[in-house]
Amino acid sequence: TMFPLQGAQMLQKLENSLRKSLPESLKVYGTVFHMNQGNPFKLKALVDKWPDFNTVVVRPQEQEMTDDLDHYTNTYQIYSKDPKNCLKFLDPPEVINWKQHLQIQSSQSSLNEVMQSLAATKRFEVKHTQCILYMASETLRKLVPSLLDAKNLSPVTGRTKAINQELFKPSSLDVTHAALVNKVWLFGGNEDSQRFIERCIQTFPTYCLLGPKGTPVSWSLVDQTGEMRMGGTVPEYREQGLISHVAYHHVQALLKLGLPVYSHTDKSNKAVQRLNHNLNHIILPCTWNQWNCVPL
């Protein structure tokens, strides 16, 4: 059985319930939070039962997922209170269209077993990426105060180095900047990713620094799950602390709007780990997971 949650009351109830399961429910919680702020990405939430659900899947509407190869659009967020037994719910095509190229995101690495066994029965190739998950200490204090150990916090709240204000001007990204972001983004570089970036720029608050030529040299965006993503600096302006300046100011702007602030980084990316540490962002006990699925 599958229940699509309709209407503001149900979605608000889902958000409140997911909040109790943080941080493991973070990717779904962040997505549902933004669905309750107007649902700009036109997503829908499906549960196995209601109100005492075990598993929730957030996904785009069918009419959004018209391109079988566009895994940026064909992205699902999953949270399950019972990861061992959620396979039956994820199996039917009404929940997940396994015939498409798709991405599944979750803050639960325990879903990996389910994904591997689905890959065997549904005949698709799956690639699992696992990263470190960070949350801004201000967000943690509000949402999961039990995880906030004062010992982990540096006494100074993440201030960043001053930048040359003659040279760099703070601004927000324009949709015409998407090509530049796409070129620098490690997971981008194609037409589908550019469309996805354009949508993120049009939908959520961004922050960037414009260089001497009036074009962005460093930036930070937010994706449909409310996560800070796709931050980057053009090669000739790297190593100048621009991204930490951008990240700090972007975080402050998001916090001021009352949005939950979190992000992930690769286990090998020491520079971004240092940046998160300097910003007083806390490593969560769960991880960021993505399964890229390609039908065979």
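Structure above, values below:
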| quantity | calculated |
| --- | --- |
| Whole-number accessible area per residue in Å² for the chain, which is evaluated in the context of all protein chains at 1.4 Å | 48 Å² |
| Neighbour cut-off at most 14 other Cβ (10 Å), DSSP loop, GluC sites (Glu not before Pro), the range 186-277 | Glu239 |
| Using a Förster distance of 35 Å, the FRET efficiency for Lys169-Asn16 (Cβ separation, nearest 0.05) | 0.30 |
| Percent accessible area from carbon and sulfur atoms, the range 3-133, protein chains only, probe 1.4 Å | 48 percent |
| Given charges at beta-carbon only (K, R positive; D, E negative), |dipole| of the chain in Debye | 720 debye |
| Computed helical MRE - 222 nm, the chain, DSSP H runs ≥ 4 contributing -39500 (n - 2.57), nearest 500 | -9000 deg cm²/dmol |
| Label-reachable residues, the range 43-62, where backbone N falls under 19 Å from a point 7 Å from Asn97's Cα toward its Cβ | 43-47, 57-62 |
| Cα-based helix-to-principal-axis angle, 112-122 vs the chain, degrees rounded to 10 | 60 degrees |
| Global form of the range 157-279, assessed from the alpha-carbon gyration tensor, a/c cut-off 1.5 | rounded |
| Cα-based convex hull volume of the range 3-133 per residue, rounded to whole Å³ | 105 Å³ |
| Cleavage-rule hits (trypsin sites (Lys or Arg not before Pro)) in the range 109-150: DSSP loop, at most 11 neighbouring Cβ within 10 angstrom | Arg123 |
| Zone residues, the range 97-114, relative to Arg123, backbone N less than 19 Å from point 7 Å out along Cα-to-Cβ | 97-102 |
| Whole-Hz couplings from phi, Karplus 6.51/-1.76/1.60, listed for the range 216-229; x for Gly and Pro | x, 10, 7, 7, 8, 10, 10, 9, 5, 9, x, 8, 5, 9 |
| Check: the range 196-239 dipole with +1 on Lys, Arg Cβ and -1 on Asp, Glu Cβ, in debye | 80 debye |
| Helix axis angle, 7-19 relative to the chain longest principal axis, alpha carbon, degrees | 70 degrees |
| Listed residues Pro235, Asn16, Val294: farthest to the positive end of the dipole of the chain (Cβ charges) | Asn16 |
| The range 79-119 shape via C-alpha gyration tensor axes, a/c threshold 1.5 | prolate |
| As computed over the chain, the Cα convex hull volume per residue (Å³) | 130 Å³ |
| GNM flexibility winner over the chain from Thr55, Thr31, Thr215 (Cα, springs under 10 Å) | Thr215 |
| Probe 1.4 Å - accessible area at Thr121, Å² to nearest ten | 100 Å² |
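The values are calculated or read from the model by the stated rules, or taken from the named source; none is laboratory data. Treat the numbers as computed from the prediction; the structure is a model and nothing was measured. So basically every Cβ, Gly included, is an ideal-geometry build from the backbone, and we count neighbours across all protein chains shown. To get the accessible areas, we keep the full protein, side chains included, count just its heavy atoms, and leave off ligands, DNA and RNA. Shrake-Rupley method; radii C 1.70, N 1.55, O 1.52, S 1.80 Å.
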